[in-house]
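Below is one structure, written out as C-alpha cells, with a few remarks after it.
None of the figures in this text is laboratory data; all of them are computed from the coordinates on show. Since this is a predicted model, take the numbers as computed values, not measurements. We place every Cβ from the backbone using ideal geometry, glycine too, and count neighbours over all the protein chains shown.
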Amino acid sequence: MLIKNLELTNFRNYSSCRFEYSDGVNVVSGGNAQGKTNSAEAIFFLCTGYSPRAVREKQVIKHGESFAKIKGVASSNYGDVSVSIDFFVDKNKIIKVNEVPVGKIGELLGNINSVFFNPGELKLIQEAPEDRRRFLDVALSQISRGYFYALQTYKKILAQRNNLLKNEDRALIFDTLPVWDQSLARAGARIIFERNEYIKMLSPFAGFCHEEVTGGGENLTVKGDYKYEGTEDDIYSQFLSALTERTEKDIETGYTTVGPHRDDLKIKVNGIDVRAYGSQGQQRTASIALKLAETEIFREKFGEYPVLILDDAMSELDKKRRTRLIDYVKKMQTIITCTEPECVPNYQNYNNIEVENGNIL
Ligand SMILES: Nc1ncnc2c1ncn2[C@@H]1O[C@H](COP(=O)(O)OP(=O)(O)OP(=O)(O)O)[C@@H](O)[C@H]1O
Ligand SMILES: [Mg+2]
C-alpha cells in the first residue's frame, strides 16, 4: 500500500497544501506547531473515517473557515483508489471513495490501510485496558469489516442490556434478558474469536519486531485473556453460559461484568510487566514493536504492507534503536514526522518534506 499524495484544504493550520510521498521512508520535519501531526492525522482520517486524536470532528476545520477537505490517492495491489472527506461547520462530513459517497464507515475501511503511532499511543502500554482494546479494535476493524460491524452491534446491545439491568422490575429483567444475552453472545463471539486469532499472530511478530529494534537485547511477549476459546460457535456457547451464570451479579452491580469489553492484554519485557516497571524508552520501544507487528499482520492478510505513520516516534529512542527502527521500516512506505530531519539516521537518502506554518518549504 502506498499513499501517493495528500491534498489539504482548510484542514487545521493548512489553507491549501499538497504532499507527494514516495515509497519507503518519508521524513516530514518542521518546528513545533508547524503542522506535522496535522498531516499525519489527515492520512489516518482517510483510512478510518475518524481522527486518532479523538476530537470533535469540526475542530479540524481551519479557524474562521466554513469547510475543510482532505483528499488522498493511494495505490495497492488492487489498483489506485482516491478517498476524500469533506467537513462542514453546519452539517455532517461526506466521505467519498473514487468520487462516490459512502453511506457507512464500514465501506471506507480497507481502502487505504495504515498503522499509526504517535506518543499518545503510549497509552497502549501505560494506561487502562480500554486503550489496549482500542489498539485491537482499530487494527481488526481495518482488517475485517465483519469485526467492525460486530463491534458496533455489540456496543449497542451492551448499552441496552446495561440499561435493562438497572430496571427495578426484576420479573421484566428475567423475562427479557435471555434474548439480549443471545444477541450479545453472538456479536461478542465474533469479536472474541477474531481477537484470539489476532493476538496469536501478534505475539510472535511483536517479539520479533522488538528484537529487531533492540538488537536482541530484550524480549517482548503479548498475551490475551483467552477466557473463551475454540471456534466462533464454541465461544458463543461459553460466553452465553458465562452471561447466564453472572445474571444475579450483573443485576446487583447494574452492568455487564463479563465479555470482550472487559478484556486486556498482558505486555511484558523480559518477563516483567512493562507498564509497571518499564523505562520510558522501553515503553516506547514496546509500543512501536506492537505497531510494527501490526504491519506484519496486515502483510500476512493482504499480501502487502499498510502505510506506516510514525508521528514523533524518534524522541526517547537512543541512536542505535533509531537506526534499527529505520532499517526495519524502510521496506514499507513509512511517513515519519520529527522536529529535525537529523532525528532519522541517513535522512538524506529518503524523501524529505519540510513544513512551516501550514506550508511545504
Ligand atoms: N482548526 C484549526 N485551525 C487552525 N489551526 C489549527 C487548527 N487545529 C490545530 N491548529 C494548529 O495547528 C498547529 C500545528 O499543529 P500540529 O499538531 O500539526 O503541530 P506539529 O508540527 O506536530 O508540532 P509538534 O512538534 O509540537 O508536535 C498548532 O499550532 C495548532 O494550534
Ligand atoms: Mg506533532
### Message
Based on alpha-carbon centroids, what's the gap between the range 158-192 and the range 292-341 in Å, whole number please?
### Response
42 Å
### Query
Quick one: if the Förster radius is 41 Å, what FRET efficiency do residue 152 and residue 67 give, using the C-beta to C-beta distance and rounding to 0.05?
0.90
### Task
Can you grab the distance from the C-alpha centre of the range 231-277 to the C-alpha centre of the range 86-119, Å, no decimals?
32 Å
#### Entry: Out-of-range pairs (alpha-carbon distance over 23 Å; input 91/123; 96/156; 291/319)
91/123; 96/156
#### Entry: Potential lengthening between residue 107 and residue 227 on full extension [0.36 nm per residue; Cα-Cα distance subtracted]
40.0 nm
### Query
Quick one: Karplus J couplings for the range 137-153, per residue in order, coefficients 6.51, -1.76, 1.60, θ = phi - 60°, nearest Hz, x for Gly and Pro?
5, 5, 5, 5, 5, 6, 6, 9, 5, x, 5, 4, 5, 4, 5, 4, 4
### Query
Pick from 152, 283, 333: which is most flexible by mean-square fluctuation in a GNM of the chain where alpha carbon atoms under 10 Å apart are linked?
152
### Query
Among 289, 55, 325, which residue has its Cα positioned farthest towards the positive end of the charge dipole of the chain, with +1 placed on the Cβ of Lys and Arg, -1 on the Cβ of Asp and Glu, and the dipole taken about the Cα centre?
55
### Query
So how strong a dipole does the range 218-361 carry about its Cα centre when Lys and Arg Cβ are +1 and Asp and Glu Cβ are -1, to the nearest 20 debye?
600 debye
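For residue 101, what is the net charge nearby, where nearby means another residue's Cβ is under 15 Å from its Cβ and Lys, Arg count +1, Asp, Glu -1?
Details: positive: 69, 71, 91, 93, 96, 104; negative: 86, 99, 107.
That sum, taken over residues with Cβ under 15 Å, equals +3.
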### Query
Going by Cβ distance under 4.7 Å, what cysteines of the chain have no possible disulfide partner?
17, 47, 209
#### Entry: Whole-Hz couplings from phi, Karplus 6.51/-1.76/1.60, listed for the range 254-261; x for Gly and Pro
x, 8, 7, 9, 10, x, x, 6
### Query
Of 291, 58, 320, which is the most mobile in a GNM of the chain whose springs link Cα atoms less than 10 angstrom apart?
320
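What full-extension length gain, to one decimal in nm, is calculated for residue 172 and residue 327 as 0.36 nm per residue of separation minus the Cα-Cα distance? Please report the intermediate quantities before stating the final value.
Details: separation 155, 0.36 × 155 = 55.80 nm, distance 6.12 nm.
That works out to 49.7 nm of additional length.
For the chain, what does -39500 (n - 2.57) per DSSP helix run (n ≥ 4), summed and divided by total residues, give at 222 nm, in deg cm²/dmol to the nearest 500?
On the way: 11 runs with 161 residues, N = 361.
That comes out to -14500 deg cm²/dmol.
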### Query
Quick one: what Rg and Dmax do you get for the chain from the alpha carbons, in Å?
21.7, 71
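Using a 10 Å cut-off around each Cβ, can you sort 304, 229 from fewest to most neighbouring Cβ atoms? Mind dumping the intermediate values first?
Numbers: 304 15, 229 12.
Ranking 304, 229 by Cβ neighbours within 10 Å, fewest first, gives 229, 304.
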### Task
Quick one: what are the phi-derived ³J(HN,Hα) couplings along the range 121-132, Karplus 6.51/-1.76/1.60 with θ = phi - 60°, whole Hz, x for glycine and proline?
5, 4, 3, 3, 8, 7, 10, 6, x, 3, 5, 6
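Indicate, rounded to the nearest 5 percent, the antiparallel portion of the DSSP beta bridges found entirely in the chain. Walk me through the numbers before you get to the answer.
Details: 38 of 55 bridges.
Looking only at bridges with both residues in the chain, the antiparallel portion is about 70 percent.
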### Task
Note down the magnitude of the dipole of the chain about its Cα centre, charges +1 on Lys and Arg C-beta and -1 on Asp and Glu C-beta and zero elsewhere, to the nearest 20 debye.
360 debye
